[in-house]
Amino acid sequence: MTTQVRLNLYERGIVEALVQHFGFSPQGARKLVVDYAEVIRKLGGYDTCYDHAERLVQAKTLNYTASDWLKRIQQMAKDASQDKGIFHLETRLHAHVR
């Protein structure tokens with residue numbers, strides 16, 4: 001018995017964009033979104049459904065798995081947390097008025 005994944009409104013919008021703009025069947029589009037659901041949820045719903053659908057098509061075309069994508073996201077978050085910044089560019093210069 002397989003568990004049915006419940007897609008949220010944003011994810012259903014991505015399915016719709018895949019069908020309307022990228023030539024997927026409704027079943028194929030849903031499968032793609034389900035396969036990458038964890039990635040979609042990790043990235044959040046900041047971009048349009050069309051933009052996210054386009055990324056999923058690129059990932060599928062390049063055989064970039066959801067697992068690979070999640071590892072990359074995790075690595076980027078780790079790198080960002082260890083970044084010390086560029087002190088001389090990030091400090092504020094204060095003008096002193098006499």
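Each value in this text was obtained by applying a stated rule to the coordinates, not by laboratory testing. This one's a predicted model, so the numbers in the text were calculated from it and none came from an experiment. Cβ atoms come from the backbone with ideal geometry, glycine included; neighbour counts cover every protein chain shown.
The calculated FRET efficiency for the pair Asp35 and Gln74, based on their C-beta separation and a Förster distance of 22 Å, comes to about 0.75. Using a simple spin-label model with pseudo-atoms 7 Å out from Cα toward Cβ, Gln20 and Ser81 lie 3.9 nm apart.
Hey, for a label at Asn8 modelled as a point 7 Å past Cα toward Cβ, could you say which residues of region 26-40 have their backbone N under 11 Å away? The answer is 40. Put simply, the C-alpha atoms of region 1-65 give a gyration tensor, and the ellipsoid matching it has half-axes of 16, 14, 13 Å, longest first.
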